[in-house]
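The values are calculated or read from the model by the stated rules, or taken from the named source; none is laboratory data. Just so you know, these numbers come straight off a predicted model, no measurement behind them. Cβ sites come from the backbone with ideal geometry, for glycine too, and all protein chains shown count toward neighbours.
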Amino acid sequence: MAKNSLTYLCSNCSHSSVKWLGCCPVCKEWNSFIEEKPAATPLLGPKKSFGRPCAIETLILRPLHEIEFSEQSRMLCGMPEWDNVLGGGIMKGSLLALTGDPGIGKSTLLLHVAHKLAEHHTVFYFSSEESLEQVKLRAMRIDSMSSNLLFSDRANIESIILTAQEKKPDIIIIDSIQNCFFSETQSFPGTIGQLRETSFALMRLAKEYNIAVIITCHITKEGHMAGPKTLEHMVDGVFYLQGEDRWHTRILRSVKNRFGPLNELGFFSMTTKGLEEVPHINQYLLNETTTAPGAVLVSCLEGSRPLLLEIQALTILSKFGMPQRVVTGLDQKRVVLIAAILEKYLHIKFSSHDIFVKVSGGLKLTESSSDLAIALALLSSYFQQALPEKSMALAEISLTGALKPINALETQLKEAQKFGIKTIFVAEGQKTNTSGVIKFSSVYQLLGLFADTPPTD
């Protein structure tokens, strides 16, 4: 009787096991093992490399100063929100991955990009999930019917690679990699083995033929890119397309980019004509700000882009034994920490109050420069006194109650001045020549902003 040829691979670290395990012994990830059938023949063995014999020879090593280098121009699509996130355009010979929730607009965005790029470059678009009729229907709706953009609905990687080798396009778009397959592999498309082999073959195609390859990837229920972790290591860039339902806004974020900055953001609006760029996102964010108790403006630097957001806080005497802490858009532990610092040094009993804090716009703040804004929002709500109109706070608060300066303040102040921000609260040691700056050395001095109004409780 033949032995069972099934193996189980960890979707996080690709560790293999002859039986299913609840927890991976290598990466300690739970419920990550997936059943995998081995390939009938080696996919990229020592005798095969894109259809050519692979000879074994002694390698020649050279120092870096002997290697010829020429500056390569990036391929721009004319959409600044896309080009800036990629670091100034698409680099030739790069392998990029775009992922996001189902229906978020990945195919629509790539169709816009492909339509723009086809004006000056040769672009092949392989739709492995949708038929060509479906793709044409979307292209007609979003007005992306370029005659220079060529399509195919084939999902066979061997055929895609052979076509690219013969016709040598500038850019290949594959939507999506989970539906592509090698005909020599017995496992289903989307399995770990298929994803590992197809991504490796596309990486070699990009590097050896200097072709930019863009693939779309599915996403897991935890919000991570589906597939083995080696897929993320293999590609040159990973970009997440995220949604914000309130304004029908789509946020393109770079989480890995070998040719550009990380955490760069691009904003798009979902309309009946597809995705449209939102170049002045701060105008949308500031339209909903109000001068009311508990509201404070703050700036956060995402990549090279400053965003102006509003932190809103509400404090009320708790009616239950366990006060509530409801936080949206911020780390809850950070809010609790700031409240504890204020209670320690200002003797305000936030421990007996329910605290509700949120960030406007549905975005998340992770920088410590928002500490002062959180503190002022809590105090403003507690004393029921609004801060000066169009004021912003930027400083870090230490456990001793001292305020500390932040980095890249001038970049954020320039953006704030464009929208009429008049008052900026910063730390005492912050170096700046901007007018309208009010400096504080410790949280004790913050009470001077609310000294005339007693607490409501």
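For the reader, a short list of remarks on this structure follows.
- Candidates are the residues of the stretch 125-140 that are in a loop (DSSP other than H, G, I, E, B) and not polar (S, T, N, Q); the one that is farthest from Ala155 (Cα to Cα) is Glu130.
- Ser144 being in a loop (DSSP other than H, G, I, E, B), crowded, with 20+ Cβ neighbours inside 10 Å, touching a residue at least 24 places away in the same chain (Cβ under 8 Å) and in the same structural domain as Val255 (by TED's automatic domain parsing): yes
- The stretch 197-217 - residue that is outside any helix (DSSP H, G or I) and touching a strand residue (DSSP E or B) at 6+ places or on another chain (Cβ under 7 Å) and, of those, surrounded by the fewest Cβ atoms within 10 Å (Cβ to Cβ): Ile211
- Residue count for the stretch 408-428, restricted to those that are farther than 20 Å from Ile338 by Cα, free of Cβ contacts under 8 Å to residues at least 40 places away in the same chain and in a loop (DSSP other than H, G, I, E, B): 2
- Test: residue in the stretch 239-247 that is in contact with a strand residue (DSSP E or B) (Cβ under 9 Å, 6 or more places away or on another chain), assigned to a helix (DSSP H, G or I) and over 20 Å from Ser128 (Cα atoms): no
- Answer from Pro279, Pro228 - the residue that is modelled with pLDDT under 90 and more than 30 Å from Leu137 (Cα to Cα): Pro228
- Test: residue in the stretch 401-408 that is surrounded by 14 or more Cβ atoms within 10 Å (Cβ to Cβ), out of contact with any strand residue (DSSP E or B) (no Cβ under 7 Å at 6 or more places or on another chain) and not hydrophobic (A, V, I, L, M, F, W, C): no
- Test: residue in the stretch 229-250 that is charged (D, E, K, R), assigned by TED's automatic domain parsing to the domain that holds Leu195 and in contact with a Cys (Cβ under 8 Å, 6 or more places away or on another chain): yes
- In the stretch 270-287, the residues that are surrounded by fewer than 15 Cβ atoms within 10 Å (Cβ to Cβ) reach residues that are among the basic types (Lys, Arg) with C-beta atoms within less than 9 angstrom, at least six apart or across chains, in these pairs: Thr272/Arg141; Lys273/Arg141.
- Residue satisfying condition, being closer than 18 Å to Tyr444 by Cα and touching a residue at least 40 places away in the same chain (Cβ under 8 Å), within set Leu365, Leu372: Leu372
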